[in-house]
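Enquirer: Have a look at this one.
Every read-out reported here was derived from the displayed coordinates using simple, explicitly stated rules and does not represent laboratory data. Just so you know, these numbers come straight off a predicted model, no measurement behind them. Here the Cβ positions follow ideal geometry from the backbone for every residue, glycine too, while neighbour counts run over all protein chains shown.
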Number of protein chains: 2
Amino acid sequence: MTQSLNPDDRHLGLITDLYELTMAAGYHVYGMADEHATFELWVRRLPSCRNYLVAAGLEQAIHYLQHLSFAPEQIVYLREHPAFRYVPNDWFERLEHFRFECDVWAIPEGTVVFAGEPLLRVSGPLMQAQIVETYLITALTVQTLIASKAARIVTAAQGRPVFDFGSRRAHGPQAGLLAARAAYLAGCTGTSNTEAGRLLGLPTLGTQAHSWIMSFTDEQEAFRKFGQLFPDHSTLLLDTYDTIQGACKAVASGAAMQAVRLDSGDLERLSKEVRAILDGAGRQAVKIVASGDLNEYKIADLLAAGAPIDVFGVGTELVTSRDEPTLNVVYKLVEQETPQGTVGRFKLSSGKATYPYPKQVYRRQDASGTFSGDRIVKATSQEQGEPLLAPVLRGGELIEALPSLEASRRRCAEQLRRLPPELLALGPCPSYPVQVSEELEAELHRPK
Amino acid sequence: MTQSLNPDDRHLGLITDLYELTMAAGYHVYGMADEHATFELWVRRLPSCRNYLVAAGLEQAIHYLQHLSFAPEQIVYLREHPAFRYVPNDWFERLEHFRFECDVWAIPEGTVVFAGEPLLRVSGPLMQAQIVETYLITALTVQTLIASKAARIVTAAQGRPVFDFGSRRAHGPQAGLLAARAAYLAGCTGTSNTEAGRLLGLPTLGTQAHSWIMSFTDEQEAFRKFGQLFPDHSTLLLDTYDTIQGACKAVASGAAMQAVRLDSGDLERLSKEVRAILDGAGRQAVKIVASGDLNEYKIADLLAAGAPIDVFGVGTELVTSRDEPTLNVVYKLVEQETPQGTVGRFKLSSGKATYPYPKQVYRRQDASGTFSGDRIVKATSQEQGEPLLAPVLRGGELIEALPSLEASRRRCAEQLRRLPPELLALGPCPSYPVQVSEELEAELHRPK
């Protein structure tokens, strides 16, 4: 029997690190499982190649929280796992009826965020809030990672459409769907992933693979027959044998075409030569799509050099966030109601210290609406500016429908417009000001 | 309604690039859909930070091929997609009954492979062989990527167990499961991912999160209570406040413990000091687990410096293959039976040329059994050495059960033992010799 390892929505309970479950059992045994606790999730440091991040993935995180349960065979697995040998029966019974009932606050998808700012806050029974750590981090990290990369690529393209062509390079079939979503949210125009198009209503773009051209003995015939069947959706791939000859043949074939695609070689030179060939044949309306290991730097260089490229297809670099394929996202206990009262929780680990207590982020703006700085404060404080975290789940139930993907995409575009413009540079720039309140700072220096 | 974007095994048909489907429709319309074609999948270039790759992911690729179908709502989506406006009805009807019926040859999982070597060959009706491109590339790329990184990390650990701790950093929940599998295949001892443990029978390791320690007012109490409930599976996390004080408290608490974990700071110094504290208290049997942004280079440095670390937990760097999070995997048409006869197919794109015809890879060995070089030849040629590709599916049906994950893991270990030892170095080394036969080379220079 082969296994797909496609996660099953009915079996999400064990998609977590084992220690979440041993700790959960411990909280239960020691009577702490229902102590009210608050955890927060944030990015510890910005990668050096990112000036800002775009929050994404909340919808998938919330879906998980609403569908989280333990299937009978998963509970059997835990019962038989040697680590759980001394865990009493009533804990396993508790898992049978597990439902996530915490309150969740979060920064909406599409919001620009910075290091240290809680993207998500979970408050509720300690055991429940603990178990969800691993999946929540994964769900928010991957899309935030891709959306943040996509925003840079879209910025570099200066208004030209960017399509996600990266499904084949994503870290598995699901990662391709997640990347398509995150890329669209951050401003890409669409994706080549058909299922992402169907599930999420994204515009999809298809061109041709080399195999289409290769499967005909004659390149012109390959072009013509494609244009005949897809007269309004015909993008001809020119580089199977030789891009310039390919362009001449595309024109000579008389094929219906809306665009041509260049996928290898010196894209600056080729795009100029192909443009000239097309224009010379009176095909000014035919667009040029470029692809092939593109990223924000290459796109910026191409456009700076005047390459007449109309559409960019970006794969590998986008869906793997190749220059930094990870974010240092953590999920930490910040407050707990114990029999001795409510206490702020924090750790002091070398280089990894955390601030206690539930927090809110306030974003200020200048007279023109440009963001001028954020302050991270205790959630109970009142501050000037826009509070970024908003309630999403109450007792595990959605308070209101999440924003649509289109709405999140509009939010992202607006957020990027309001960023201090220097942050949109591809290279490093002075950090956006994010302050931690004096009150929170003082907590770290209190005697424990 | 929120969406998980967890792929559904009953809806795999559209998890592909749109152009695979437009081309498929084109092959159908032009009477080519059932022409016998052969595609091959290979890694175009080795990343500069890899001396070899470990083939992995075949089981998930085969699962896909055996379960590939188009759900009614997916076919409706295509019917309504503007690109398919002129595609005749009988193509959509054909999708309703789609079954993958090709022959598949592949290099078994756990085999060491190099650039240019076909990992997989698909032969059958052109339309079927085309549609599967995107998913096959994804399925084989991600696990080959992670297994190849894992093999380096395991090598660096010189026999000490390495556990995958990376689920939270994987590119989505599925990527975490895939990474756990690939890491185990390549020699990791197990994973922290509970569901991967259940589905794949992997050893799972759990320790403690900082939240466990933080949720008790007293660190010693946190240690003691954990050891009490998990007397045989107790790994105490020392660095929540201060690693050295943590070690002293762990000892003083009298907690049951098999191991302690260091997760931050100078792991060389701390491991030595903690070892001394443990030994001084007569706890020589307690092992030291180290984690925290480890990779093969850091592990090698720690061991070279004599750090008394017994077990490594590796997350981010392993599951994202951080130094190179992608492989340049392609899937190309190499042969086609046309009305004019059987023809080799290839492309000449700048820097991306391919060789025509189905191929086989023969691996030679020296007298000691060490691999001495590979030759890529036409599949019809006979050569000395071990042929690496073997038949897996005939007409879409499994010829025999795939090797178990344990068997693939043993194969990988044996393959690594038989590699020229210089390839196991972490730095670059002279390439392993891979030759393309003269007969194949000559094909590129034949007049087309």
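Enquirer: Around B:His81, under 14 Å between beta carbons, what's the net of Lys plus Arg minus Asp minus Glu among the other residues?
Expert: The answer is -3.
Enquirer: From other protein chains only, count the Cβ atoms within 10 Å of every residue's Cβ in A:343-352, then give the mean.
Expert: The mean count of partner-chain Cβ atoms within 10 Å per residue comes to 6.
Enquirer: Can you give the relative contact order of chain A as a percent, counting alpha carbon pairs under 8 Å and 6+ residues apart?
Expert: So the answer I get is 20 percent.
Enquirer: Next question, about the same structure. If you plug each phi of the stretch A:117-128 into the Karplus form 6.51 cos²θ - 1.76 cosθ + 1.60 with θ = phi - 60°, what whole-Hz ³J(HN,Hα) values come out, in order, with x for Gly and Pro?
Expert: Per residue, the Karplus-derived 3J(HN,Hα) values read 8, x, 7, 7, 9, 10, 10, x, x, 3, 5, 5 Hz.
Enquirer: For B:Arg410, put the label point 7 Å out on the Cα→Cβ axis and report which residues of the stretch B:60-90 keep their amide N under 13 Å from it.
Expert: none
Enquirer: Residues with amide H under 5 Å of B:Thr338's amide H, sequence separation 5 or more or different chain, H placed in the peptide plane at 1.01 Å from N; which?
Expert: Amide H neighbours of B:Thr338: B:Val343.
Enquirer: Wrap a convex hull around the Cα atoms of the stretch B:214-282, take a quarter of its surface area, and give that in square nanometres.
Expert: One quarter of the hull surface, i.e. the mean projection, equals 4.2 nm².
Enquirer: Sticking with this one: Helix-derived [θ] at 222 nm for chain A: sum -39500 (n - 2.57) over DSSP H runs of at least 4, divide by residue count, nearest 500?
Expert: So the helix-based figure for chain A works out to -11000 deg cm²/dmol.
Enquirer: What does the convex hull of the Cα atoms come to per residue for the protein assembly as shown, in Å³?
Expert: Per residue, the Cα convex hull of the protein assembly as shown comes to 159 Å³.
Enquirer: Here's another thing I want to ask about it. Relative contact order (percent) for the stretch B:176-220, with alpha-carbon contacts under 8 angstrom and 6 or more residues of separation?
Expert: 27 percent
Enquirer: For a test of the definition: using alpha carbon positions, the gyration tensor, and the 1.5 limit on a/c, classify the stretch A:329-448 as rounded, prolate or oblate.
Expert: oblate
Enquirer: I've got another one for you. Determine the equivalent ellipsoid of the stretch A:291-389 by diagonalising the alpha-carbon gyration tensor, then write out the semi-axes as square roots of 5 times the eigenvalues, largest first, rounded to whole Å.
Expert: For the stretch A:291-389, the ellipsoid semi-axes come out as 42, 22, 10 Å.
Enquirer: Looking at the protein assembly as shown, send over the antiparallel percent of its DSSP beta bridges, to the nearest 5.
Expert: 70 percent
Enquirer: Need one value for A:9-17: mean number of C-beta atoms belonging to other chains within 10 Å of its residues' C-beta atoms.
Expert: 6
Enquirer: Expressed as a whole percent, how much of the Cα-Cα distance distribution for the stretch B:102-224 exceeds 21 Å?
Expert: 53 percent
Enquirer: Counting other C-beta atoms within 10 Å, which of A:Ile146, B:Ile277, A:Ile299 has the fewest, and how do the rest follow?
Expert: B:Ile277, A:Ile299, A:Ile146
Enquirer: Using modelled backbone amide H atoms (1.01 Å from N, in-plane), which distant-in-sequence or interchain residues come within less than 5 Å of A:Cys102's amide H?
Expert: HN-HN under 5 Å from A:Cys102: A:Gly396.
Enquirer: Also: How do A:Thr243, B:Thr155, A:Thr2 rank when sorted from fewest to most other Cβ atoms within 10 Å of their own Cβ?
Expert: Ascending Cβ contact count within 10 Å gives the list A:Thr2, B:Thr155, A:Thr243.
Enquirer: Which whole-number percent gives the relative contact order of the stretch B:148-319, counting Cα pairs below 8 Å spaced six or more residues apart?
Expert: Once divided by the residue count of the stretch B:148-319, the mean separation gives 26 percent.
Enquirer: Can you list the copy-to-copy distances for A:Pro387, using a point 7 angstrom from Cα toward Cβ, in nanometres, shortest first?
Expert: 7.0
Enquirer: Given label points at 7 Å from Cα along Cα→Cβ, what nm distances, shortest first, separate B:Ile244 from the same residue in every other copy?
Expert: 7.0
Enquirer: Here's something else I'd like to know. Which residue, A:Leu145, A:Gln128, A:Val104, has the largest displacement toward the positive end of the dipole of the stretch A:20-161 when charges sit on each Cβ (Lys, Arg +1; Asp, Glu -1)?
Expert: With unit charges placed on the Cβ atoms, the residue in question is A:Leu145.
Enquirer: Let me ask another. Which peptide among B:47-53, B:354-360 comes first, and what is the full order, when sorted by highest mean count of other Cβ atoms within 10 Å?
Expert: Ranking, from highest mean packing down: B:354-360, B:47-53.
Enquirer: Per residue, what volume in Å³ does the convex hull of the Cα atoms of the stretch B:361-420 enclose?
Expert: It comes to 99 Å³ per residue, whole-number rounded.
Enquirer: Follow-up question, since we're still on this one. Sort out for me the Cα centre separation of the stretch B:85-135 from the stretch A:252-309, rounded to whole Å.
Expert: First find each Cα centre; the distance between them is then 30 Å.
Enquirer: Which whole number gives the average count of other chain Cβ atoms within 10 Å of the Cβ atoms across peptide A:157-167?
Expert: 1
Enquirer: Mind listing the phi-derived Karplus ³J(HN,Hα) values for the stretch A:14-20, rounded to whole Hz, using 6.51, -1.76 and 1.60 with θ = phi - 60°, and x for any glycine or proline?
Expert: 8, 7, 6, 6, 3, 5, 4
Enquirer: In 5 Å bins starting at 0, how do the alpha-carbon pair distances of the stretch B:20-83 split up by percent?
Expert: Histogram of Cα-Cα distances, whole percents per bin: 4, 10, 13, 17, 18, 15, 10, 8, 5, 1.
Enquirer: Quick one: of A:Lys332/B:Lys287; A:Lys298/A:Lys347; B:Lys352/B:Lys378; A:Lys149/A:Lys352; A:Lys378/B:Lys298; A:Lys287/B:Lys347, which pairs are farther than 31 Å apart, Cα to Cα?
Expert: Among A:Lys332/B:Lys287; A:Lys298/A:Lys347; B:Lys352/B:Lys378; A:Lys149/A:Lys352; A:Lys378/B:Lys298; A:Lys287/B:Lys347, the Cα-Cα distance tops 31 Å for A:Lys298/A:Lys347; A:Lys378/B:Lys298.
Enquirer: Once each part is reduced to its C-alpha centroid, what is the distance from the stretch B:330-398 to the stretch B:12-60 in angstrom?
Expert: 15 Å
Enquirer: Around A:Gly246, under 9 Å between beta carbons, what's the net of Lys plus Arg minus Asp minus Glu among the other residues?
Expert: Local charge sum for A:Gly246: -2.
Enquirer: In nm, one decimal, shortest first: how far is the label point of A:Ala413 (7 Å from Cα along Cα to beta carbon) from the matching points in the other copies?
Expert: 5.7
Enquirer: Taking H as built 1.01 Å from N, whose amide H comes closer than 5 Å to the amide H of B:Lys287, not counting residues under 5 places away?
Expert: B:Ala259, B:Val260
Enquirer: Regarding chain B, what is the average projected area of its C-alpha convex hull, in nm²?
Expert: That works out to 25.8 nm², a quarter of the Cα hull's surface.
Enquirer: Through the Karplus equation 6.51 cos²θ - 1.76 cosθ + 1.60, θ set to phi - 60°, convert the phi angles of the stretch B:31-43 into ³J(HN,Hα) values in whole Hz; use x for Gly and Pro.
Expert: x, 9, 4, 9, 4, 6, 10, 10, 10, 10, 10, 8, 8
Enquirer: What is the distance, in nm, between label points placed 7 Å from the Cα along the Cα-to-Cβ direction at B:Glu386 and at B:Gln245?
Expert: 5.6 nm
Enquirer: In chain B, what % of DSSP beta bridges are antiparallel (nearest 5)?
Expert: If we restrict to bridges inside chain B, about 65 percent are antiparallel.
Enquirer: Can you put A:Val319, A:Val334, A:Val314 in order, fewest other beta carbons within 10 Å first?
Expert: The fewest-first ordering by Cβ neighbours comes to A:Val334, A:Val314, A:Val319.
Enquirer: At a temperature of 37 °C and a viscosity of 0.692 mPa s, determine how fast the stretch A:147-319 diffuses translationally according to Stokes-Einstein, using the Kirkwood radius over alpha-carbon pairs as Rh; express D in µm²/s, rounded to the nearest whole number.
Expert: Roughly 203 µm²/s, to the nearest whole number.
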